[in-house]
Amino acid sequence: DAKTTQPPSMDCAEGRAANLPCNHSTISGNEYVYWYRQIHSQGPQYIIHGLKNNETNEMASLIITEDRKSSTLILPHATLRDTAVYYCIVRVVNTGNQFYFGTGTSLTVIP
Amino acid sequence: DTGVSQDPRHKITKRGQNVTFRCDPISEHNRLYWYRQTLGQGPEFLTYFQNEAQLEKSRLLSDRFSAERPKGSFSTLEIQRTEQGDSAMYLCASSSRDVRGEQYFGPGTRLTGT
């Protein structure tokens, strides 16, 4: 079952940073945090993942708290195309196990 | 485009009919996953293959559901005697042996019952 808690919805003004929180208070030491997003009627899209260090790629930044019980996905300059459902997932890497998606956060970027 | 592809994109079925969906993963990926997604919910895991071996099945995968990956490349998901409750988006994903293990999803097949 899903091991994460996310707010059901958020709004963000176009051009501003979107900060999406995720709580994963029961995370284990060998579990990574993954973020995916799903634009309406499409398959989920991988964004970023991390273990304990902050991570950045061309799409987003991932900030993980020192105790690893929560994380924040940051979209630095949100655009209308970033409107989607964002899923925060924890899993053990390389076990082949499935992702537990939960219900995610529906982000709406407002012009 | 070398991403995950699924066919068909949409399927309409009548109660009691059999349906089959196909998934073609990214060519070098040895792991393949099937998920089901209903309206307003996140994807739910159905089953997982490593090469041709089906290693894990969810309790959601009733006896009417069967999945195969005969040569470790493409996979099929068959639903026999479809019911109204089978209406959903069926998603396929693949991943490599890379330690990061992120899954790449296809566009899905939407099954609608009439």
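Here, each number is a calculation from the coordinates, and none is a lab measurement. Computed from a predicted model, the values in this text were never measured in an experiment. Here the Cβ positions follow ideal geometry from the backbone for every residue, glycine too, while neighbour counts run over all protein chains shown.
Taking a straight line from the alpha carbon of A:LYS52, these lysines sit under 28 Å away, with near neighbours fewer than eight places off in the same chain left out: A:LYS3, A:LYS69.
For B:ARG110, nonlocal amide neighbours, meaning residues 5 or more places apart or on other chains whose placed amide H falls under 5 Å from its own, are B:HIS10, B:LYS11, B:TYR90. On the beta carbon distance between B:LYS14 and B:SER66, with R0 = 22 Å, the FRET formula returns roughly 0.65. Between amide H atoms placed 1.01 Å from N, distances below 5 Å from B:SER58 occur with B:THR47, all of them 5 or more places distant or on a separate chain.
Stick to the Cα atoms of the protein assembly as shown, pair each with every other, and give me the Kirkwood hydrodynamic radius in Å at one decimal. Intermediate results must be reported in sequence, preceding the final value.
Working: mean 1/r = 0.0552 Å⁻¹.
It is 18.1 Å.
Under a model in which nothing but the beta-carbon of Lys, Arg (+1) and Asp, Glu (-1) is charged, segment A:1-83 shows a dipole of about 60 debye around its Cα centre.
Given R0 = 30 Å, the distance between the Cβ atoms of A:SER9 and A:ASN54 translates into a calculated FRET efficiency of 0.75.
Can you work out the FRET efficiency for the pair B:LYS57 and A:ILE39, with r the C-beta to C-beta distance and R0 = 25 Å, to the nearest 0.05? Don't skip to the end; give the middle numbers.
Values: r = 29 Å, r/R0 = 1.16.
The pair B:LYS57/A:ILE39 has a calculated efficiency of 0.30.
Which of rounded, prolate or oblate describes chain B when judged by the alpha-carbon gyration tensor and an a/c cut-off of 1.5? If you can, show how the numbers build up before the last one.
On the way: a/c = 1.78, a/b = 1.65, b/c = 1.08.
Taking the square roots of the gyration eigenvalues as a ≥ b ≥ c, chain B is prolate.
Under a 10 Å cutoff between Cα atoms, tell me which one of A:THR72, A:THR26, A:THR83 has the largest fluctuation in the Gaussian network model of chain A. Between A:THR72, A:THR26, A:THR83, it is A:THR26 that shows the largest mean-square fluctuation.
With an 8 Å cut-off on Cα pairs and a minimum separation of 6 or more residues, tell me the relative contact order of segment A:1-99 in percent.
Working: 193 pairs, mean separation 34.6, N = 99.
Relative contact order of segment A:1-99: 35 percent.
Unpaired Cys in chain A, meaning no second Cys C-beta under 4.7 Å: A:CYS12.
3J(HN,Hα) along segment B:71-84, derived from phi through the Karplus expression 6.51 cos²θ - 1.76 cosθ + 1.60 where θ = phi - 60°, amounts to 10, x, 10, 6, 10, 10, 10, 10, 10, 9, 6, 4, 10, 4 Hz, with x in place of Gly and Pro. Across segment A:43-57, coupling constants 3J(HN,Hα) worked out from phi with the 6.51/-1.76/1.60 Karplus curve, θ = phi - 60°, read x, x, 10, 5, 10, 6, 8, x, 9, 9, 8, 5, 10, 9, 9 Hz, and Gly and Pro carry x.
Using Stokes-Einstein with the Kirkwood hydrodynamic radius over Cα pairs, what translational diffusion coefficient do you get for segment A:40-111 at 25 °C and a viscosity of 0.890 mPa s, in µm²/s rounded to a whole number?
On the way: Rh = 13.7 Å.
Once the numbers are plugged in, D ends up at 179 µm²/s.
Reported to the nearest whole Å, the Cα centre-to-centre distance from segment A:59-83 to segment B:7-27 is 35. Sequentially through segment A:63-74, phi angles give Karplus couplings (6.51, -1.76, 1.60; θ = phi - 60°) of 10, 10, 5, 4, 7, 6, 8, 8, 8, 9, 8, 10 Hz, Gly and Pro residues having no value and appearing as x.
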